[in-house]
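Take a look at the structure below.
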Amino acid sequence: MRIRLNGSMISVAIAAAAVGAAVSMSVTQTAGQASRPARVEGKPSFSGIWQANNEAHWDLQAHEARPGAVTQPGAYPFAYAQVPAAPVVALGAAGGVPGSLGVVEGDGQIPYTPDALAIKKENADHWIDRDPELKCYLPGIPRAMYMPYPFQITQSTNKVHMAYAFATTARTIHLDTVDGPPDYTWMGHSVGRWEGDTLVVDVTNFNGKTWFDRAGNFHSDGLHLVERFTLMTPDVIRYEVTIEDPRVFTRPWRIAMPLYRRMEPNMQLLEYRCTEFVEEFLYGNLRTRPLVTRWEGETMTVDITRKVPPGDRFYEWFRK
Amino acid sequence: MTRLFTSLGVAAVIAAVIVSVKLAPVTVAGQAPPRTAWGEPDLQGIWTNEFDVPLQRAARYGNRELLTDEEQAQLDQQRAALLGRDRRVERGTELDVAGAYNAVFTSMKRTGRRTSLIVDPPDGRIPPTTPEARQRAAADREFRLALLRSTDTCKNKSTACAGGTYDPTPSPRRAEVLSRYNTARMNRHNGPEDGSLGDRCMSGGIPEFGTGFGGSFRRIVQTPGGISIFYDVGQGQGFQRTIVMNGSPHLPSNVRQWFGDSRGRWEGDTLVIDVTNFSPKTDFMGSRENLHLVERWTRTGPNTLEYGVMIEDPTVWTRPWTVKEEFTKQNEKENRIYYEPRCHEGNYGFPALLLAARLAEKAHAERRGSHPATKDNATDFVGVEENPLGR
């Protein structure tokens with residue numbers, strides 16, 4: 001597949017060579033994406049469409065497979081013998097959670113303070129009501145990097161732009177000097193620099209509203225990330241993040257994973273504009289006539305009438 | 001509710017590059033437009049239209065595309081005296097209070113050189129619509145007026161009820177399911193689909209040329225063989241476009257997108273982007289899935305970028321039309337656009353509209369309140385003070 005030079009690519013290379021010594025171009029042909037120089041302005045090129053291929057979006061930490069994204073006690077009182085809960089039971093095997101050895105480096109532990117650990121557990125128990133992903137809120141960094149959706153990197157000399165399919169959002173990594181944003185952000189304020197062939201990105205100015213995964217792992221607005229992007233091969237990036245948030249974690253910790261180039265010949269970034277998709281989830285209870293909330297399948301009946309979670313200020317306000 | 005709060009701050013006023021009336025962009029004499037390190041024209045940066053130009057041309061300018069210096073100065077002077085207030089309506093009505101905006105919210109930019117953004121047809125006006133488009137628009141208007149007919153808005157003969165009549169009996173059409181996907185606000189909030197795309201945080205779209213309240217920003221980033229454009233529009237309703245530059249054909253026709261399918265190529269120093277595959281849920285002046293755009297982006301100088309877009313939909317307009325405008329580069333360091341599109345995350349207004357409708361129904365059923373159809377929850381604004389530029 002690779003290094004399949006055709007006439008037009010050769011002419012690109014010749015034209016580029018004519019531009020001058022500033023550009024060193026070793027053209028790499030990647031199936032499905034325009035031929036791209038392996039280097040931009042002397043730096044490795046990360047341009048292209050990428051996607052993680054792991055289970056980190058379910059849980060950063062090692063976990064065994066379980067039968068449903070939400071479960072309930074079955075015949076036994078044991079945690080390991082839970083069965084799928086109503087919201088996912090109709091999905092059968094597609095509603096379960098795959099196991100994983102996790103992406104947290106070292107001992108695999110996330111060093112929560114005792115208070116924060118209690119919140120994390122509560123988050124996991126109330127996943128459907130609390131996870132911002134389910135509401136189609138901006139996913140934040142690093143979560144956007146390993147959600148099960150592709151993203152596209154457009155690498156220039158002073159900016160590296162990352163466009164994400166999920167929620168059609170993006171972030172710009174500034175390699176030049178810019179003032180910070182005037183407010184906290186969902187996607188963070190990213191400032192990058194090169195350390196040899198590694199792109200190092202410092203991310204700050206987060207609000208405390210995004211999560212790391214679907215397991216309730218969270219942070220505060222004190223989150224500070226240092227991301228490192230290194231090409232392992234032309235089609236694989238080693239992605240590492242050092243995560244620091246003294247209000248939530250007792251020490252900095254790290255995650256690492258490969259990001260893979262999407263190699264399909266016709267690959268392009270398509271929209272996943274979920275704002276529209278989650279209206280029923282968010283506002284369905286406010287319809288004049290609620291839509292059907294009962295599913296009668298061949299072997300089971302599921303009623304997913306939503307109960308307002310007690311103590312949720314947003315819903316309490318609606319209930320008045 | 002969906003008014004754009006724009007604070008442009010102290011804009012660095014950069015002399016507008018005088019662009020010829022010919023279609024071909026003219027670059028500043030003696031200055032080659034900047035190029036990227038890999039030799040492509042450099043379109044990168046944050047761009048906006050720093051000047052106010054109406055979409056359509058006032059009849060008094062005929063086929064004239066540009067204002068004279070005197071005309072421009074005079075218009076600036078006239079407009080400087082405007083307070084940008086919303087038009088007043090019947091005193092003592094909710095509608096009058098709902099439109100209590102002024103220049104603090106609707107900042108005004110300097111008068112631009114162009115008499116209109118539309119450069120083709122030569123009269124600077126949107127071409128006539130087709131009979132079927134007119135029929136669709138009339139049917140839509142009729143439905144929306146039916147939902148308003150029992151409200152004070154119609155009783156007081158407000159502009160918002162123009163073409164309709166007052167009738168205290170709620171219209172049976174309140175139970176109607178629309179024949180096309182709704183995109184605009186109506187006086188009914190039975191569920192999310194009755195909301196406008198703006199109220200649902202889904203109004204961002206293309207073509208985007210920043211008319212209306214304050215304009216729009218776009219950041220362009222290039223890489224060899226790729227271009228990304230990120231828009232900041234409409235109170236956090238920004239969106240991204242990644243332009244496919246590998247010469248491949250458009251998406252299959254069953255794959256439709258809110259922002260279409262953008263495929264670009266270089267024609268000399270101009271980036272030409274062909275956009276199709278729009279979703280039937282989008283609406284640009286009545287044009288939906290058949291909308292076809294051809295955009296032309298040309299760097300004309302160190303701080304200027306010319307943007308042109310040919311707009312075509314034979315089911316809506318009797319001929320294609322073209323908009324052209326000149327963008328000015330914005331300060332990179334100040335990073336002045338704050339382009340995180342987080343309208344949806346803070347959208348308490350829309351569920352509140354739905355909830356208020358449910359509460360009104362409940363109150364009416366319990367004989368505590370008037371019929372919900374007698375309240376106007378759709379009209380918030382009937383236009384700003386007369387502006388000599390028109391709209």
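Just one of (1) more than 30 Å from A:LYS209 (Cβ to Cβ); (2) within 21 Å of the chain's Cα centre (by Cα); (3) not in a loop (DSSP other than H, G, I, E, B) trips up B:PHE350, so point out which.
(1)
Any residue in the range A:249-264 that's farther than 30 Å from B:ASN246 by Cα: show its pairings with residues that are part of a strand (DSSP E or B) and aromatic (Phe, Trp, Tyr) at Cβ separation under 7 Å, as long as the two are six or more apart or on different chains.
Filtered contacts from the range A:249-264: A:PHE249/A:TYR112; A:ALA256/A:TYR239.
If you go through the range A:291-313 one residue at a time, do you hit one that is at the interface with another protein chain (Cβ under 9 Å from one of its Cβ atoms) and at pLDDT 85 or above?
Yes, the conditions are met somewhere in the range A:291-313.
Can you pull out the strands (runs of 3 or more DSSP E) entirely within the range A:133-200 that have at least 1 residues that are facing chain B (nearest Cβ under 8 Å), in contact (Cβ under 8 Å) with a residue 12 or more places away in the chain and closer than 21 Å to B:THR242 by Cα?
A:151-155, A:159-164, A:169-174
Scan the range A:271-284 for residues that are more than 9 Å from chain B (Cβ to nearest Cβ) and more than 17 Å from the chain's Cα centre (by Cα) and jot them down.
A:PHE277, A:PHE281
When you go through B:ARG91, B:ARG125, B:ARG134 one by one, which is the residue that is under 29 Å from B:PRO320 (Cα atoms) and either assigned to a loop (DSSP other than H, G, I, E, B) or in contact with a Lys or Arg (Cβ under 7 Å, 6 or more places away or on another chain) (or both)?
Step by step, each of B:ARG91, B:ARG125, B:ARG134 is checked, and only B:ARG125 is under 29 Å from B:PRO320 (Cα atoms) and either assigned to a loop (DSSP other than H, G, I, E, B) or in contact with a Lys or Arg (Cβ under 7 Å, 6 or more places away or on another chain) (or both).
Looking at (1) among the small types (Gly, Ala, Ser); (2) in contact (Cβ under 8 Å) with a residue 24 or more places away in the chain; (3) facing another protein chain (nearest Cβ under 9 Å), find the lone condition where B:GLY247 falls short.
(2)
Mind telling me which of the residues B:SER287, B:SER279 ends up being free of Cβ contacts under 8 Å to residues at least 40 places away in the same chain, within 14 Å of chain A (Cβ to nearest Cβ) and small (Gly, Ala, Ser)?
That would be B:SER279, the only listed residue that is free of Cβ contacts under 8 Å to residues at least 40 places away in the same chain, within 14 Å of chain A (Cβ to nearest Cβ) and small (Gly, Ala, Ser).
With the requirement that a residue be farther than 18 Å from A:THR293 by Cα, of a type outside the set (Ser, Thr, Tyr) and either in the same structural domain as A:TRP295 (by TED's automatic domain parsing) or assigned to a loop (DSSP other than H, G, I, E, B) (or both), what does the range A:67-90 give you?
If the condition is that a residue be farther than 18 Å from A:THR293 by Cα, of a type outside the set (Ser, Thr, Tyr) and either in the same structural domain as A:TRP295 (by TED's automatic domain parsing) or assigned to a loop (DSSP other than H, G, I, E, B) (or both), then A:PRO67, A:GLY68, A:ALA69, A:PRO73, A:GLY74, A:ALA75, A:PRO77, A:PHE78, A:GLN82 are the ones that fit.
Which members of the range A:230-270 meet the condition of being within 14 Å of chain B (Cβ to nearest Cβ) and buried (at least 19 other Cβ atoms within 10 Å of the Cβ)?
A:ARG261, A:ARG262, A:MET267, A:GLN268, A:LEU269
For the subset of the range B:171-208 comprising residues that are away from every other protein chain (no Cβ under 14 Å) and surrounded by fewer than 20 Cβ atoms within 10 Å (Cβ to Cβ), which member is farthest from B:SER370 (Cα to Cα)?
B:PRO207
Residues in the range A:278-305 that are in contact (Cβ under 8 Å) with a residue 24 or more places away in the chain, surrounded by 13 or more Cβ atoms within 10 Å (Cβ to Cβ) and out of contact with any strand residue (DSSP E or B) (no Cβ under 9 Å at 6 or more places or on another chain): how many?
Selection size over the range A:278-305: 5.
The values are calculated or read from the model by the stated rules, or taken from the named source; none is laboratory data. The model shown is predicted, which means the values in this text are computed figures rather than measured ones. Quick reminder, even Gly has a Cβ in these numbers, built from the backbone with ideal geometry, and neighbours come from all protein chains shown.
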